[in-house]
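To keep things clear, I will list the structure first and then write my remarks on it.
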Amino acid sequence: MINSISVLGSTGSIGTQTLDVARNLNIKVEALTGNTNIDLLESQAREFLPKMVAVKDEKIANILKERLLDVNIEVIGGIEGLKRAATLECVDVVVVSIVGIAGLIPTLEAIKSKKNIALANKETLVTAGSIVMEKAIEMGVNVIPIDSEHSAILQCLMGNNIKDVSKIILTASGGPFREKTMEELNNVSLKEALKHPNWNMGSKITIDSATLMNKGLEVIEAKWLFGLSQSQIDVLVHPQSIVHSMVEYKDGCVMAQMGSPDMRIPIQFALTYPERKGNDFSKLNLLKSGSLTFEIPDTKRFPCLRLAYQALEEGGTMPVVLNAANEEAVSLFMREKIKFIQIPNIIEEAMGMHTLIDKPCLEDIINVDIWAREFVKKSIN
Ligand code: NDP
Ligand code: MG
């Protein structure tokens, strides 16, 4: 059982739920980090009294420093602050719940400092899975997924041999537009896209769930976490979000992990792995959950899932382009500059214009990320 954690992205949906778990299990929180939400960061700092707080923006960091003068907490601004929070000596596990590729550098820094990682941020493995997993093996640290599907797969693999796996099946809720026709998708609003049927999450992942890009990113995430080939990773739409994912073994046995759709459950498991602890989170009642149904995802209406498989197949820097173009397209959609159905078109265009680098180093990944973002911005103006 761990004693202390750093929470990178503590003001977000996963970050606040991680603090809830830490509260319940009496885990010491030594570092908190945020980006814009200074009020929440201040109240978190006052409650958990960590060694340090990091804020991306230097100006906001200075304001927070002033506000926290009466308590003995160091406040550090910029990327340096994030790196410090990721590498604090007294910390056992670093929880990475920052959104987007911004999570990559702090995750690598934490691994280099021999910290075990509880990883919510899927963009890190999508863009640099090979580098991150190689470094984790070299440093002898665990990368434990928080994402509910990957937590489910990890649990279905426990006590089994990965060599006996024939395939894994990631489940997807299908998002708010699961039943919409192509014509209806043409006119969906931002407000509708932000209304997820089962989960209450940050805005970027909520839009990713509506386009099915979230599942696409998870397919790539699964490849790196479990060392599987693309043909071994299937996706099924399961609107009830009760079966969080499944593993099929070569003898035909299928293991499924089920539970209430509450992210605190996989967060807690990542922090107590491989042990389990009690809690008072809502328990699954199958008599009340109704029928469990499964269907094939429709990649005609939701091309983002097809694009993610294509990026995985092409490999190298293509998933970097997929991710960066998606982050930019989602940001444009959230500022109501483009329509929902333009998101996959923009990503496909960027992928089509990219000259692939087969075995990229970290610098290549950062440069390709910048290129893809610029490409999307230019193509919209
Ligand atoms: P949120 O948007 O709710 O939170 C994001 C966090 O990251 C906030 O603390 C935010 O700070 C901080 N942040 C944002 N941008 C930056 C940046 N450029 N540099 C440093 N910090 C930054 O996201 P979620 O909690 O929903 O998701 C976090 C990650 O977990 C994502 O990668 C998502 O895909 C993944 N995930 C989320 C799930 C969920 O249920 N929410 C489920 C599975 C995976 P501030 O708020 O102060 O601006
Ligand atoms: Mg998920």
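Applying a threshold of 31 Å to the alpha-carbon distances of 167/378; 167/337; 65/378; 28/59; 83/300; 180/250 flags 167/378; 167/337; 65/378; 83/300; 180/250 as lying beyond it.
Which of the peptides 174-182, 276-284 is most tightly packed, and how do the rest follow, going by the mean number of other Cβ atoms within 10 Å of each residue?
Top of the packing list down: 174-182, 276-284.
Antiparallel versus total DSSP beta bridges in the chain: what percent is that, nearest 5?
On the way: 11 of 40 bridges.
Here the antiparallel bridges make up roughly 30 percent for the chain.
Note on residue 58: accessible area is roughly 110 Å² with a 1.4 Å probe, heavy atoms of protein only.
Could you work out the helix-only [θ] at 222 nm for the chain, with each DSSP H run of four or more residues adding -39,500 (n - 2.57) and the total divided by the number of residues, to the nearest 500 deg cm²/dmol?
Rounded to the nearest 500, it is -14500 deg cm²/dmol.
With a simple spin-label model that places each label point 7 Å from the Cα along the Cα-to-Cβ direction, the separation between residue 112 and residue 281 comes to 3.3 nm.
The accessible surface of the chain, taken with every protein chain in place and a 1.4 Å probe, is 51 percent carbon and sulfur. Specify whether the C-alpha gyration tensor of the stretch 4-145 places it in the rounded, prolate or oblate class, a ≥ b ≥ c being the square roots of the eigenvalues: rounded for a/c under 1.5, otherwise prolate if a/b is larger than b/c and oblate if not. Taking the square roots of the gyration eigenvalues as a ≥ b ≥ c, the stretch 4-145 is prolate.
So with the 1.4 Å probe, I'd like the accessible area per residue for the stretch 318-381, rounded to whole Å².
Numbers: 3210 Å² over 64 residues.
Per-residue value: 50 Å².
If the Kirkwood radius is taken over C-alpha pairs of the stretch 318-381, then at 20 °C and 1.002 mPa s the Stokes-Einstein diffusion coefficient equals 183 µm²/s.
For a test of the definition: using alpha carbon positions, the gyration tensor, and the 1.5 limit on a/c, classify the chain as rounded, prolate or oblate. All intermediate terms of the calculation are to be shown ahead of the outcome.
On the way: a/c = 1.41, a/b = 1.17, b/c = 1.20.
Cα axes put the chain in the rounded bin.
For the peptides 358-368, 135-145, 85-95, the ranking by mean Cβ contacts within 10 Å, running from highest to lowest, is 85-95, 135-145, 358-368. If you take the Cα centroid of the stretch 102-168 and the Cα centroid of the stretch 293-312, the two points sit 23 Å apart.
The values are calculated or read from the model by the stated rules, or taken from the named source; none is laboratory data. These numbers come from a predicted model, not from an experiment. Cβ atoms come from the backbone with ideal geometry, glycine included; neighbour counts cover every protein chain shown. Side chains are part of the model used for accessible areas, which takes the heavy atoms of the whole protein and leaves out ligands, DNA and RNA. Shrake-Rupley method; radii C 1.70, N 1.55, O 1.52, S 1.80 Å.
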